[in-house]
């Protein structure tokens with residue numbers, strides 16, 4: 001891990017206006033990120049995905065973002081115009097979404113979509129862009145890059161589609177990747193394959209990674225550091241290698257709910273919650 005700080009988030013708040021009143025999705029989240037792999041874990045509704053979306057300015061129209069500081073290198077992310085965002089998204093920070101079915105254009109070939117992502121940020125001719133796209137498909141361990149290059153999204157499996165998404169998000173050479181539940185739609189074996197590919201590429205290219213997931217096991221296997229979120233708050237921050245030393249009862253509860261191969265299975269563990277945890 002590099003000591004260089006790429007991203008600083010201080011006191012991030014995300015609030016949504018709904019027919020039933022204001023919903024505080026993210027409450028006072030703060031962290032620094034170097035060239036490392038940071039995991040954000042929590043249940044559905046904990047605010048982890050909204051944290052990632054706020055960093056990239058992708059909060060829904062009915063949402064409001066505020067922060068004391070949200071700085072990515074020399075860029076103040078809290079005060080960008082739409083035109084300035086276009087120079088940051090993809091080129092410097094990319095986001096891998098949950099399910100490629102909803103992220104890939106169904107009427108464009110995969111090759112054309114990867115080329116479009118590359119040429120949006122690099123002034124190259126069509127031949128060079130095609131070559132880079134094929135190289136990127138090889139980099140994500142696709143055995144027949146030419147065939148996949150000419151295929152449409154519906155002609156690929158879920159695991160293949162997610163590899164294509166990784167290729168598309170990494171081809172502009174961003175400095176930070178935000179992966180929001182990138183393997184939740186995949187079976188366990190394919191999950192590990194896709195995460196290993198992403199992990200290798202992040203390491204080889206010296207990128208930073210924010211990996212958002214509800215899967216504590218996956219987070220602990222692939223991340224250096226973990227933020228545990230509950231009802232919009234970060235309740236604990238610790239090294240992934242020290243998760244077994246977690247102090248907060250919520251983190252301990254998540255760990256206790258992980259499946260175990262041995263021991264007594266007569267009573268399945270349940271996750272108990274206290275109102276005071278939601279107060280930060």
(request) Go through region 114-175 and tell me which helices (runs of 4 or more DSSP H), entirely inside it, have 3 or more residues that are at pLDDT below 95. (result) 126-139, 158-170
(message) As an exercise: evaluate residue 186 against (1) in the same structural domain as residue 209 (by TED's automatic domain parsing); (2) touching a residue at least 12 places away in the same chain (Cβ under 8 Å); (3) assigned to a helix (DSSP H, G or I) and give the number of the one condition it does not meet.
(response) (3)
(request) Assess whether residue 206 counts as being in contact (Cβ under 8 Å) with a residue 12 or more places away in the chain and touching a helix residue (DSSP H, G or I) at 6+ places or on another chain (Cβ under 6 Å). (result) no
(message) Suppose we filter region 64-102 for residues that are assigned to a strand (DSSP E or B) and surrounded by 18 or more Cβ atoms within 10 Å (Cβ to Cβ); how many remain?
(response) 8
(message) On the basis of being in the same structural domain as residue 29 (by TED's automatic domain parsing), in contact with a helix residue (DSSP H, G or I) (Cβ under 8 Å, 6 or more places away or on another chain) and under 30 Å from residue 4 (Cβ atoms), does residue 67 make the cut?
(response) yes
(message) Whether any residue in region 233-248 is out of contact with any helix residue (DSSP H, G or I) (no Cβ under 9 Å at 6 or more places or on another chain), in a helix (DSSP H, G or I) and in the same structural domain as residue 88 (by TED's automatic domain parsing) is what I want to check.
(response) yes
(request) Check 30, 3 and return the single one that is in the same structural domain as residue 254 (by TED's automatic domain parsing), at pLDDT below 90 and not in a helix (DSSP H, G or I). (result) 3
(request) Taking the options 60, 117, name whichever one is free of Cβ contacts under 8 Å to residues at least 60 places away in the same chain and assigned by TED's automatic domain parsing to the domain that holds residue 214. (result) 60
(request) Scan region 44-58 residue by residue and report those that are in a loop (DSSP other than H, G, I, E, B) and either surrounded by 19 or more Cβ atoms within 10 Å (Cβ to Cβ) or over 15 Å from the mean Cα position of the chain (by Cα) (or both). (result) 45, 46, 47, 56
(request) Kindly list the number of the only condition in (1) surrounded by 15 or more Cβ atoms within 10 Å (Cβ to Cβ); (2) in contact with a helix residue (DSSP H, G or I) (Cβ under 7 Å, 6 or more places away or on another chain); (3) not in a strand (DSSP E or B) that fails for residue 105. (result) (1)
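The values are calculated or read from the model by the stated rules, or taken from the named source; none is laboratory data. Just so you know, these numbers come straight off a predicted model, no measurement behind them. Positions of Cβ are generated from backbone atoms using ideal geometry, with glycine treated the same way; all protein chains shown enter the neighbour counts.
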